[in-house]
Amino acid sequence: MPQQNLEPQYYQDDGIDLFEIIQKLIASKKLIIVITLLITILGSIYSFQRMPLYQSTALVEIGQYQKQNQNQNQNQNQIMIQILIEPFDALILELSTNFIHNNKLLEANSENLEFKRIDKKNNKVLQIDFNSPSLATNKKIINELIIYIEKRHLDLKSSLIQNITARLEPINKNLKNSNARSIQFDNLLMSSNEFNELELQTTILKSQLEEAEFNFSLLQEQADLEIQLESLMNQNQSRTQFIGEIKVGAVGSKNKLIILISFILGLIFSIFVVLMKDLLKTFKERSA
């Protein structure tokens, strides 16, 4: 019988007695309160010393141009569709890379800049959000973004026209030279006919054929570019523009959350200190 009672007594001594732990915590309530209050006060001081964060929001309507629907039959009336001057993904990529890279103020705060699509059906309104502790910085960044987008879209049409015009110049020059060569071949062919030079005539005719094929390809390319140029010149295009006003507001304060977390951490730490203090005391008593 004595041996049977030893094992239960062994487990009882080494088990965790929650009631005893609660009693120790109540006995050390002053220490717990002091540590918890101290950490909560430190958290409160930190939260109120943090600079407030402001969010500025602007809406930009992306310009559009009209283009004939390519899927309609020729017998149907012309249906014009609206196309963005620049696709959203391309614009956001441009702003997220080149604009930020060229703006020293944004390079260190790029994570505070966000772009959103507002009208998901038409995809024509871009929302720009920027957060910083300075209202002046917010206004400066938003205004620079709006000016950058508006100027970029105004320049896109001009750059396309300049590009097509630049491509037409060498084509026109080559066509002029080709016509001059054709006249020379005609003169040579007439001269060879007078002297009945069959071999020379064959060479000239072959050169004339090659020149005609080259001339035809140039004329095709010229016609395609002129159609594109005329379409751009007559394009009914709406401008990219800023909508409304820049909205500014304070980002939700996290002071209450920081104080609450400080209180919880302080309470946990104080309980840990009390338990560690009691554990060390017990260890010393057993060692003595």
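The values are calculated or read from the model by the stated rules, or taken from the named source; none is laboratory data. Treat the numbers as computed from the prediction; the structure is a model and nothing was measured. Using ideal geometry, Cβ is built from the backbone for each residue, glycine included, and neighbour counts are taken over all protein chains shown. Calculation scope for accessible area: heavy atoms of the full protein, side chains included, ligands and nucleic acids excluded. Shrake-Rupley method; radii C 1.70, N 1.55, O 1.52, S 1.80 Å.
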Starting from the Cα gyration tensor of the stretch 246-288, take the square roots of the eigenvalues, sort them a ≥ b ≥ c, and report rounded, prolate or oblate (rounded when a/c is under 1.5, otherwise prolate if a/b is larger than b/c, else oblate). prolate
Could you please report the charge total around LEU154, scoring K, R as +1 and D, E as -1 over all other residues with beta-carbon less than 12 angstrom from its beta-carbon? +1
Taking R0 as 35 Å, what FRET efficiency do you get between LYS284 and ILE261 from their Cβ-Cβ distance, rounded to the nearest 0.05? 0.50
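Report the gain in length on full extension from ILE33 to GLU150: 0.36 nm times residue separation, minus Cα-Cα distance, nm rounded to one decimal.
Taking 0.36 nm per residue and subtracting the Cα distance, the gain is 36.1 nm.
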One finds, for PHE272 and VAL251 with R0 = 35 angstrom and r their Cβ-Cβ distance, a FRET efficiency to the nearest 0.05 of 0.55
Can you pull the one-decimal nm distance between simple spin-label points at LEU18 and ASP89, each 7 Å off the Cα toward Cβ? 5.7 nm
What whole-number distance in Å separates the alpha-carbon centres of the stretch 16-50 and the stretch 206-258? 65 Å
In a shell of Cβ-Cβ distance under 11 Å around ARG181, excluding ARG181 itself, what net charge do Lys and Arg (+1) and Asp and Glu (-1) give? -2
Taking a crude spin-label model, label points 7 Å out from Cα along the C-beta direction, the ARG239 to SER44 distance in nm is 5.5 nm
Report the net charge of residues surrounding LEU37, where surrounding means a beta-carbon distance below 15 angstrom and charges are Lys +1, Arg +1, Asp -1, Glu -1. +2
Got a sec? Charge dipole of the stretch 214-264, +1 on Cβ for Lys and Arg, -1 for Asp and Glu; which of SER231, ILE246, ILE261 is way out at the positive end? ILE261
Where does each of THR240, THR97 land when they are ordered by accessible area, with a 1.4 Å probe and the largest first? THR97, THR240
